[in-house]
Each structure stands twice: as C-alpha cells, then as structure tokens.
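Shown next, in structure tokens, is the structure this report addresses.
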Amino acid sequence: MSEKEKLAVVIPCYKVKNSILNVIKTIDEKVHKIIIIDDNCPEESGLFVKKNTDDPRVEVYKNSKNLGVGGSSKRGIEIAFKDPQITHCVKIDGDGQMENKYILEFKKFMKINSLEYVKGNRFHKDGEINKMPFLRLFGNFFLSVFSKFTTGQYKSFDITNGFIAMNKNAFIKLNWKLVSDDFFFETSIAFQLREKNILTKDFNLKTIYNDEKSNLVIKDIFFPFIKNHINFFLIRLKNEYLNKNKIIFIFYFLNLLISAIFSLSVNFSYFFITILLIILFIFIDFKNLTST
C-alpha cells in the first residue's frame, strides 16, 4: 500500500467478547486504523478491548443505545473517513469467521480493477460452503438469488456478506440516510450502488465456521427482508424504467400482470408467457447494468 493510501478497518461489536481480541491481533500492521464500535453490547466488548489490547491503532466507541449492525457499521465508516488520511475502509465482523488476510487483498483487488466498492463472496468452488450450517446456507443462498433480481446487482452474489470494502469516493456518493441500520445494511448498499452506477465486484473468500451463535433470528427478519426487497424493486422500476419509458413499460408490466393472473385463474398456459416475460425483463435489466 502506498504511503498516500491509508486503510481503516471497522468492526461493529455485539456479543463477540470471546473472539474480538484475536480478530484485532490478526489484522496486518499495514492497516492504519482499527475502529471498534461497541453496539451497547451486554458483554461490554468495547471496554474489554480497551483493557486487553495496547495496539495504538485501536479506537473504541460505544453506542449509547443499540443501533444494529448496520447503524454501528455506518457510524464506524463515517468516523474512519473523517480522518483526512484514510482513503479506504474495510468493514468486517467481530466473530472471527473471516480471515483477516483478505483485508489487504481486498485493497489490492480494488486497485487492480479500479473499483470503488468490493464485497466478499462465499459461494464459489473453493468457498467451503459445505461447512456452513444448512439453514444458514439455504437462507443466504435464497436471499442472494432473490437480491440479484430486486437490487439489479446481477454481477454480485452473497449480497448479505459482511466483509465489504469501499474507497472515499463511494462513501461520498452513497446516501447513508437511506442505508439500513439492521441486517439489511449490505443489501441496501447494493441497491444504492446500482442507482449511483458505482462499479463493484465480488471477491471470493473462505469463511471459518466454529460453534459461534449468530445474532440473526431468521423468523424475525424473513418478512421484513421480503418487504424491503419488494420496496427496492418497485423503486427501481419507477426510477429506471417507468420514469424514462412510461408508455412502453406500463404496457409491458400490464401484460406481465395480466398473464400472471390468467395463469392462476384461467389457463395454465399463461404461466409460460409469464415466465418468458420475466426472462425478457431480466435480460433487459442486466443489459442496463452492463451499459452503466
């Protein structure tokens, strides 16, 4: 990393007392700053870090109330880029599931490909996803496939992955008030990246699965996730298509709606028409992404 490029790592902390010290210890010395955000953790992770590390790069901040993983990440990223020396920021989790060697590799990958934003991807042939608990694997895979369609990020997978990196330009371009404070954090960023025409790529990585317990409760977030995805998709339709080609796309979506209704209540053959119309839309949507 050049002397002009300084990298900060942001780690939101909630119930990660058993792993956070090792996460900090394994962060390469080339990283300029490590920002710990204690999300009003009942284990007092932030205080624990203060008492047990003498790494001069570490800065600890505590939220007065629980903001959620997204809210804590946003606060940490904002703090990082307030430092005029920081040009890049990597957000990781404090549970030790991600190998910290990827931090510098992310930065190198961004520079080689002239990227403003990079995201981790566990779903690849060397990703060892077979070690992921089945329910988590199924949930993440389903959400990633669904997210491609709703966010328009067809070139990305594993959209809920918490290992992300951005440069200062991406930070400035994104509207952080519209970025979710909860587990929808990464997905809401992916949605904005499409709107802002910010080039991004996946970086393939491996994840370590031990006996840690996830703070995410599927039954509590499933319906909010679906609701938010539908909302994103409708906003995209309005901004990318209806506002630009009103007559053509109103006609197109009316036909899609009618064929879908008919496939359920009149004639099942309309089901195939519906599928063809959906495939046609995905093709057009993907072409719009590749042309940006």
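The values are calculated or read from the model by the stated rules, or taken from the named source; none is laboratory data. A quick note: this is a predicted structure, and the numbers were derived from the prediction, not measured. Quick reminder, even Gly has a Cβ in these numbers, built from the backbone with ideal geometry, and neighbours come from all protein chains shown. Side chains are part of the model used for accessible areas, which takes the heavy atoms of the whole protein and leaves out ligands, DNA and RNA. Shrake-Rupley method; radii C 1.70, N 1.55, O 1.52, S 1.80 Å.
Accessible surface ranking for PHE109, PHE225, 1.4 angstrom probe, highest first: PHE109, PHE225. Here the spin labels are modelled as points 7 Å beyond Cα on the Cα-Cβ line, and at ASN169 and ILE248 they lie 3.0 nm apart. Each label was represented as a point 7 Å from its Cα along the Cα-to-Cβ direction; for LYS227 and GLU29 these points are 5.1 nm apart. What number comes out for accessible area per residue over the stretch 1-118 if the probe is 1.4 Å? Units Å², please. Per-residue value: 48 Å².
Computed across the stretch 1-62, the Kirkwood radius stands at 11.9 Å (inverse of mean 1/r, all Cα pairs).
If you sort HIS32, HIS88 by accessible surface, 1.4 Å probe, largest first, the order is HIS32, HIS88.
Roll a 1.4 angstrom probe over the protein heavy atoms and tell me the percent of accessible area of the stretch 1-122 that is carbon or sulfur.
Values: 2610 of 5720 Å².
Here carbon and sulfur together make up 46 percent of the probe-accessible area.
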